[in-house]
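S.K.: What follows is a single structure, and I will ask about it in a moment.
Every read-out reported here was derived from the displayed coordinates using simple, explicitly stated rules and does not represent laboratory data. Remember, predicted model here, so these are calculated numbers, not experimental data. Positions of Cβ are backbone-derived with ideal geometry, glycine not excepted, and every protein chain shown enters the neighbour counts.
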Amino acid sequence: MLDLIRQEFYKLFQKKSVLLSPLVILALMLFMGTGGNLSDRKYFFTQGFSGFQWLDIAIVVIGANMMAMEFEYGTIKHLVASHNNKFLIYMSKMIVLTIYDVIMHFLIFIFTFGIAILVYGSKLPLHSLYNGRPIINTFITATLGDQFGTILVITLVFLIAGLSRTSSIAATGGLALLIFGTSVSSLIIKSFGSAFPFVKWNPGNMFNVGFQFATPGIIKQSFLTDSQLVIGNLVYIVLFIILGYIAFSRKRI
């Protein structure tokens, strides 16, 4: 398992897109942080100057490539021949991407403070209130919430990649669900929630977990408490891992 993880780290950091992602995200965060008025900047500070949203997109693309391109280029044959355990191969990729995601969240955390100092100077409003809570508390909550929510994104992308023929299809499917998942979920809940209360447990609604931790008003959209969202995410994470592995193990090499 450790040998597989080392191999996956090596392959991951050989990709220019992976190495450039922190710089691209930093540039986008700078753009968000230096634009707009000060009240907008307080909101963007609590959201990591949109760095978390850009990271989610990067994780979808990187995850799709990690899985699908092994089949596109035939390198999966060497992996299976060398280790003869598809489950360990599958999980090693997921573990490596999750560790990369943790590293990126830490970098965005640091970037956010750097940009905030650039924007506010010595008057950094860490303890000023936003939505009734200190900005720093909201930001830390948003960071941890997004980190937790991204695990669901990773397992879903690997499931889609296991069902897809190419990395482009996997990335497109993952991005579509990431971008439109919560909106479609909200529409479904509003249309059918009163008659069928269970629809609020749909997977698209689970993407609200990070937003709801930082912005309690999101509960009016999700109709689930924080603890219910956490439980729902954990259930779907396990489900997507199982289904993703089944799809991966049955995929023609």
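S.K.: Quick one: would you say Thr34 is more than 22 Å from Leu177 (Cβ to Cβ) and buried (at least 17 other Cβ atoms within 10 Å of the Cβ)?
M.R.: The answer is no for Thr34.
S.K.: Further question on the same structure: Among the residues of the stretch 232-248, are any assigned to a helix (DSSP H, G or I), more than 30 Å from Gly132 (Cα to Cα) and among the small types (Gly, Ala, Ser)? Step through it out loud before you land on a result.
M.R.: Step one: list which residues in the stretch 232-248 are assigned to a helix (DSSP H, G or I), which gives 232-248.
Pick out the ones that are also more than 30 Å from Gly132 (Cα to Cα) and you get 235-248.
Within this subset, residues satisfying the condition of being among the small types (Gly, Ala, Ser) are 244, 247.
Scanning the stretch 232-248 turns up at least one residue that is assigned to a helix (DSSP H, G or I), more than 30 Å from Gly132 (Cα to Cα) and among the small types (Gly, Ala, Ser).
S.K.: I've got another one for you. What tally of residues in the stretch 81-98 results from selecting those that are assigned to a helix (DSSP H, G or I) and either loosely packed, with under 14 Cβ neighbours inside 10 Å or at positive phi (or both)?
M.R.: Number satisfying all stated conditions: 3.
S.K.: Given the criterion more than 20 Å from Tyr43 (Cα to Cα), out of contact with any Leu (no Cβ under 7 Å at 6 or more places or on another chain) and either part of a helix (DSSP H, G or I) or not acidic (Asp, Glu) (or both), identify the matching residue among Ile140, Ile169.
M.R.: Ile169
S.K.: Find the residue count for the stretch 173-217, including only residues that are small (Gly, Ala, Ser), in contact with a helix residue (DSSP H, G or I) (Cβ under 7 Å, 6 or more places away or on another chain) and either in a helix (DSSP H, G or I) or crowded, with 21+ Cβ neighbours inside 10 Å (or both).
M.R.: First, the residues of the stretch 173-217 that are small (Gly, Ala, Ser): 173-174, 176, 181, 183, 185-186, 191, 193-195, 204, 210, 214, 217.
Next cut, in contact with a helix residue (DSSP H, G or I) (Cβ under 7 Å, 6 or more places away or on another chain) only: 173-174, 181, 185-186, 193, 204, 210, 214.
After this cut, where a residue has to be either in a helix (DSSP H, G or I) or crowded, with 21+ Cβ neighbours inside 10 Å (or both) as well, the list is 173-174, 181, 185-186, 204, 210, 214.
Number of matching residues: 8.
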